[in-house]
Structures are given as C-alpha cells and as structure tokens.
Amino acid sequence: MLKPRTRWMVKEADMAVSKKIAEELNIAPVVASLLVNRGIGDTEAANRFLHIEKEPFHDPFLLNDMEMAAARVRSAIEKGEHILVYGDYDADGVTSTSVMMTVLKDLGANADFYIPNRFTEGYGPNEAAFRTAAENGTDLIITVDTGISALKEAEIARELGMDLIITDHHEPGPILPEAYAIIHPKRPDSKYPFTDLAGVGVAFKFAHALYGTLPEHLLDLAAIGTIADLVPLHGENRLIAKKGLQHLAGTNRIGIRALCETAGANLAGLNEETVGFALAPRLNAAGRLDSADPAVELLMTEDRETAVRLAWQIDAMNKERQQLVSETSKEAIAIVEESFPPDGNKVIVVGQEGWNPGIIGIVASRLADAFYRPAIVLSYDSDTGLAKGSARSIPGFDLFKNLSANRDLLPHFGGHPMAAGMTLDIKNVDELRSRLNAAAEAQLTPEQLIPVTDLDAALDVGDISLESISQLGMLAPYGMSNPKPLIFVKPADVSGIRKIGGNQTHLKLTLENAGHSLDAVGFGLGTMADHISPGSKLSAIGELSINEWNNMRKPQILLKDIAVTEWQLFDMRGHKQASNWIPKLPEEDLIFVVFHESSMSMLREWGAYEKSLLIENEEQAKNLGVDDKSLVLFDLPPNMPVLETLIKEKSPARIYAHFYKEQDDFFSTMPTRDHFKWYYAFLAKRKSFNVRLHGDELAKIRGWSKSTVRFMSQVFFELGFVTINDGIITLNQTKLKRDLTEAPSYQQKKEMAVMEDELLYSPYQQLKKWFDVRVASPVTHKEEAKAWT
C-alpha cells in the first residue's frame, strides 16, 4: 500500500445532466462533467461559460451610488478640483490605482494618487493621510480596493470638507462609512448581478461609467488585478480575465512589457499562470518591502527607459522578498513546533519582533499549507505596542466571521472568509489565540483538519485522449472557483518506472489499462519510485496535458500524488545490501521483524535496532499487530508456521522480504538418498571412521560440502544406525529398518530446504502469491477510496 499525502475527494457530477450538455454542445464528456461540478447545470449557462468573451459587461450604473459618484467626479473635473486616488499596496490595489488614475487623466482631471506605507501607516485609510490631503488642497478622495471599514476616516473627511467616494470589494461590516458614495457590489442593498468583483474590477466599472463606453484599453490592468487577488473566476471576473489576457498578450503598455522581459515571461504566450506567478508577485513586492508607488509608476509610464529601470528595481525587491519569506517561514515553523504544536492548536497564531509586515501574509499561507490550520502571523512593534498581522484559513473556518466576533480585540481589521489583515495590541495576542482556538474547536471536525485534494473527475486511462485534453483548455482561464482540472486516474498497471532529472528527483512512468497507455511525470516525486512494487495497481491524480516532442503529440499527466490501495511486496533478497536500502524505507509505521538474536547486531549497526522486534515462536508472532504497518522480514524464520502465524489474516501495508541467512553448515545442500546409501556402505567397510579428523577429507574426495558428512552422521546417529564417541563413528551391528525421514535433523533440514525454496529462491511472482493467500483479503479500491475521503 502507498497512501496518498492528502484526502482525495472526487466530485461526482450528475451524469444525466453532463451527458445532455456534452451532446448539445458537442464537447467531451469530461469537459461537460467539469462544468456541472463547477455549478453550471444547463446547456445555456455552459455555453456562456465556455464562450464568455462573447458576453456583454454589466451596466456599471447597476451598482449603487454609481450615478452620483460619476456626477461628482465630472463636477470636480469641470471645476478643476483636486482629486486624490487612495489605493492599497498589493497587486489588486496597484492596478486599481492605475485604472482610476488613467481614466481621470484621460478626462483631464487634476489628480494624484496616494498609497499608504504598509510599515508606518498600515492597511486602509488613516487620519494622518486624510489630514495631509486636506492641507494639500484635496477636494475629493476616491478609494480603490479599500475603505469599506473606514468609519472614522469617513467622518474625518467630512469634518475636513472633503468628499469621499469609496470603491471596494472587501467584506462590508455591519455599519457602512458615511461617505459621499459607496460603490461596492456586496452592499446589503446592492442589486448588481455579480458580487465577486476584485478591487480592480470595481475600479474598472467606475471607469466604464466615467468614459461612457467600455474601456477595453484598461482590460490588461483589470485582468492582472483580478487574477492576482484570487477572486472567483466566474461571471464577470471570468470575462475580465479572458478578454484581459487577450489584451495583455498584445499590450502596448511599456511597463508591463518591461516587467515581462525582466521576469523572463513570454508575452505572446502569456496566460493566467504568467500573471499569478511572474507579474503579480513582482507588483506585490514593492508594497511588501517599501512603497508601492514604483509599481503604479511602472504600469503608467510611457517612457521606455523609466519602465526598464522600474522593472529591474521591482524585480530586485521581489528577490529580496523571496529571501525574507524563506527565512521568516523557517522561524515561524520553528515557533509553531516548539510552542504551539498543531496537536493542541486548531488555529495557529504566532508573532515576533522584527518580522517584516510586508511578507507575513505569504508566511501565513505557508503555515496554513504546512500544518493545515488557519494561521495568523504577526509582526510586533514594541515602540507602539501593536501587532500587525495577516491571516489565511482553510475550508470550514470563516476568518472574517470569526475575527468579527472579536472586534473588541481588533481595532482595525478587514478581509474575506479565507484571508484577512488586522492590527491589535500585543498584550491581546494570547487572548485572541485562545478565543480563536475555542471557536475552531467548535467549528472544525478532526476530518476537516486533514488536507483535502478536490478532484474534478475520475477517469480510466482509456478515457484520456488528445482531443479530450485539448477541449479542457476551453475551461481556461483558471483560478478561484474554476481551478485547473485535477483528474483522478483509476487504478492501472505500471511500467517503465524510473527516476529522472539531474539529481534523480523526478518520477517518470507509464500507466496502462486495457490496451491504452498514459505517460506520467511527477516533479519532485522521484523518491516514490522506491515505493512502487512490481505488479502494483497505481492510482494517480494530476493535471492532464499534451506532451509535444520530436514532432509527436501524446497525452500525459503531470502527477500531483500517487497511491496503491493493496498491500505491496518489495523483494530485498539476495545480493541487495541492507545498509543501502534500509535508509530509504518509510519511517512511519515501520517494523523490523527478526527471527534470530544474532541478526539484531546488524540492525543496531544500521540504526534500525529501535524499530526491531525479535519473534522466536508462534505465540509471539500471533500477538504482533502488523495491520497497516510496513513489515521488514529481515531474516529467515525458524520454520514456516512462525511466519504464517505472523501474517495470517492480517493486513500489512507493505512487506519487505530480505530473509537474510547466515552461511553456516545447516544451510548447505540437502544430501540425496544416494549420498546416504554410499556413506552407509563406506562405514560398513571401515567399521569405524574418525569424522572429526577425516570428515573434511572424505567430503573433498566425494565432492561434497564439508557439512554433508557431519549431517549424514548425525542422521544415522538419531536413527540408531551408528554410535559416535569422541568424533569416531561406528556402525552398529544390529541392523534396523528405519526411514531417513524419522530423524529429527533430517526432518528439520527438509523443512528448511522447502522453506528456502519457497521464500529465498522463488521468483518474485511466486513469493507474492505465497503471501497473497495468507494475508487478509485486501480492501477493494472503492472501499479504500472511501477511507481516503
């Protein structure tokens, strides 16, 4: 057995609905099933999803306060009033700021932007910034990607004589700020058809209203912010992302082109992964380490030299950010393991003086992934007594809801069910940890704390073709609520298992079933090659793709995880050096079974002594629990019944058969009856023979092993044919008729010979069959899959 690293949850689509959609739209059944699993249950909706680029954008004036907000901006432009765009320091906030600044400049506004410093001001609008804006003659503030929680700041703006227009998408609290206008798709009184816009999506809608026509030239920016902010990629977000990616591929925006060049990204082949893993992290890096202003300037510049300089500056900041994340993550993990172990903490809350507030959100994500717990990471400032934090959650624990229940400890916070930011007194951190853990204790079951991998479909190898994989591309762009499809490939035969790559860190194999085959590659899974035994039926999960090489196109799966549902036999007999393979064994649930005391010293030498158990009789074998264990049969048992008792009707996960034996006299070849006949005649002629002095000489003359003469002498003695005195063997005068099998030594030797043939010298498949008929019946794939889920 090879257990998966997570619980695999295969979604089961309504087959009747899937079939109907597949037939009416002429698409592959797997594509139809995936659509149904994404909540798209009719042909019309499926067609809209697949061809979202043909759909119109919603009327921006369906958003509450849009009419009055647009009128106020036009009035400000006409009067020459100063407008300040107040943004946020992440990629969504940077692109939102760029969108709003672009439309205002295009319309001739007197506008500037302001993004607070993460380190000195923190998230969102703040009083000091608003007062400075008023002193600088600002008449109108427009927030983008922030502001929905700025109750106090809205009052201050009004006191200072500035109008405030809030555009945001974060979860609104129970009380909304008293602003001039609030453009927010999740307002309680909102009737806008789509509620999941990113901050840049809301800014894009405002730009649409201000221009009076759809601002397609801003779609590239809108796509970056939408994808970067991990909002659900369905509905209008999918439209923004799909059309925006098309614009990005041919963008004339100098800053984006320079950033792609610096990141080594191919602009022509740009997709959502390029945005998510190349562009967004770099745009985020500026605000994580210092001011986010360079990121806005990069996106808006029209000067090539400036663009290149800013792109390199931001790239350098991103490299620094990566190093900081790595170091801080190691420190945070060490704190968790030492002070707040996951066994006693369903919510992880850790903090430390000096941690960079700009990267703690990434560290929180890493902790949530590493321990599969909601995680809050805090940066302490002893001068102010405040802790600034970022949080990431897991399914089943709504961060925003649970933090809202602790508003008395959190003077400033905001976010979503899965991510949030906050500020609190350092002295209240322990209390927050205690309360959140109490809440998690009530809300999260033990099963919810086991990592889950959601799978979109279960397919046989024969279901996977070039055509079906090509059609899967119709589901792109992928993102939240529309993830890249993860497929479960049902158990199949395996061939061509090997490690690949410079350090042998990757895995390559072929899955085969009913005449069909599928190439599989697992990056970083190279060690798994040592845990797949011959003849295993392998289950796999991963992403389907088309491998194009040497003018050939073949389906393949990029493995994310693998599993074997039945017990496995690993043949470690013969020439294999135990010191080489023992360190590669899985440490969890590993038992070394030793049948002879003399073997224990070797296991002590190889560091396996603590996991070793000496089994010398059937009673000990019967009482040893081996279910779900990896069992190393290190040496040969004293007899078959001991081994049979050890495994009979039990369910080990794996058996490593080494069957080491000492090369002593007992393990020599079994003499034949002709051997005994000749030796008896020899003794009859000699009357007596000194075995101790001349036995080896006789063996050499006859071409026997040295132990053969001693063994036959012992058998004759046990049968009463001879007497042995001080090494001299003498034939008894009284002739007895007894069969060789009556001698205990002969019986034991015969049994050992049979055991050696079956256990030590048999082919792999024969040995596997020997174990198969004795271990408990393996669970079915269906039952095992249910256990995993």
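The residue list 333, 376 contains one member that is assigned to a helix (DSSP H, G or I) and of a type in the set (A, V, I, L, M), which is 333. Counting only residues that are among the small types (Gly, Ala, Ser) and either in contact with a Cys (Cβ under 7 Å, 6 or more places away or on another chain) or farther than 17 Å from residue 51 by Cα (or both), the range 5-32 holds 3 of them. Of all residues in the range 139-163 being part of a strand (DSSP E or B) and open to solvent by less than 10 Å² (accessible area, probe 1.4 Å), which is farthest from residue 195 (Cα to Cα)? This residue is 140. Restricted to helices (runs of 4 or more DSSP H) entirely inside the range 615-731, those with at least 3 residues that are in contact with a Ser or Thr (Cβ under 9 Å, 6 or more places away or on another chain) are 618-623, 673-686, 691-702, 706-718.
Residues that are open to solvent by 40 Å² or more (accessible area, probe 1.4 Å), charged (D, E, K, R) and free of Cβ contacts under 8 Å to residues at least 24 places away in the same chain number at least 1 in the following strands (runs of 3 or more DSSP E) confined to the range 456-520: 506-513. Looking only at residues of the range 730-781 that are more than 44 Å from the chain's Cα centre (by Cα) and of a type in the set (Val, Ile, Thr), we find that the one that is surrounded by the most Cβ atoms within 10 Å (Cβ to Cβ) is 730.
Looking only at residues in the range 218-236 that are at pLDDT 95 or above and among the acidic types (Asp, Glu), which one is farthest from residue 53 (Cα to Cα)? So the residue we want is 220. Answer with yes or no whether residue 128 is among the hydrophobic types (A, V, I, L, M, F, W, C), open to solvent by 60 Å² or more (accessible area, probe 1.4 Å) and either in contact with a Phe, Trp or Tyr (Cβ under 6 Å, 6 or more places away or on another chain) or not in a loop (DSSP other than H, G, I, E, B) (or both). Yes.
Scanning the range 703-722 for residues that are within 10 Å of residue 679 (Cβ to Cβ) and among the polar types (S, T, N, Q) yields 708, 713. Within the range 559-574, none of the residues are without any contact (Cβ under 8 Å) to a residue 40 or more places away in the chain and closer than 20 Å to residue 30 by Cα.
The rows are residues; the columns are (1) out of contact with any Lys or Arg (no Cβ under 8 Å at 6 or more places or on another chain); (2) over 25 Å from residue 573 (Cβ atoms).
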{"position": "639", "(1), (2)": "yes, no"}
{"position": "647", "(1), (2)": "no, no"}
{"position": "658", "(1), (2)": "no, no"}
{"position": "686", "(1), (2)": "yes, yes"}
{"position": "704", "(1), (2)": "yes, yes"}
{"position": "718", "(1), (2)": "yes, yes"}
{"position": "730", "(1), (2)": "no, yes"}
{"position": "741", "(1), (2)": "no, yes"}
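When 61, 57, 49 are checked against the criterion of being outside any strand (DSSP E or B), surrounded by 19 or more Cβ atoms within 10 Å (Cβ to Cβ) and of a type in the set (Phe, Trp, Tyr), a single residue qualifies: 49.
For (1) within 20 Å of residue 504 (Cβ to Cβ); (2) of a type outside the set (Gly, Ala, Ser); (3) open to solvent by 10 Å² or more (accessible area, probe 1.4 Å), each residue gets a yes or a no:
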residue	(1), (2), (3)
537	no, yes, yes
564	no, yes, no
574	no, no, yes
578	no, no, no
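All told, residue 168 falls short of being open to solvent by 10 Å² or more (accessible area, probe 1.4 Å), in contact with a helix residue (DSSP H, G or I) (Cβ under 8 Å, 6 or more places away or on another chain) and on the phi < 0 side of the Ramachandran plot. Take the conditions (1) of a type outside the set (D, E, K, R); (2) open to solvent by 10 Å² or more (accessible area, probe 1.4 Å); (3) farther than 18 Å from residue 468 by Cβ; (4) not in a strand (DSSP E or B); residue 33 misses just one of them, which is (3).
When 106, 92 are screened for being in contact with a helix residue (DSSP H, G or I) (Cβ under 7 Å, 6 or more places away or on another chain), within 30 Å of residue 281 (Cβ to Cβ) and either open to solvent by 10 Å² or more (accessible area, probe 1.4 Å) or not basic (Lys, Arg) (or both), only 92 passes.
Open to solvent by less than 40 Å² (accessible area, probe 1.4 Å) and in contact with a helix residue (DSSP H, G or I) (Cβ under 7 Å, 6 or more places away or on another chain): which single residue out of 235, 225 fits that description?
Answer to the selection: 225.
Within the range 302-319, does at least one residue satisfy the condition of being in contact (Cβ under 8 Å) with a residue 12 or more places away in the chain and in a loop (DSSP other than H, G, I, E, B)? Within the range 302-319 (the criterion being in contact (Cβ under 8 Å) with a residue 12 or more places away in the chain and in a loop (DSSP other than H, G, I, E, B)), the answer is yes, since at least one residue qualifies.
The values are calculated or read from the model by the stated rules, or taken from the named source; none is laboratory data. Computed from a predicted model, the values in this text were never measured in an experiment. Cβ coordinates were reconstructed from backbone atoms using ideal geometry, including for glycine residues, and neighbour counts include every protein chain displayed. For accessibility, only protein heavy atoms count, side chains too; no ligands or nucleic acids. Shrake-Rupley method; radii C 1.70, N 1.55, O 1.52, S 1.80 Å.
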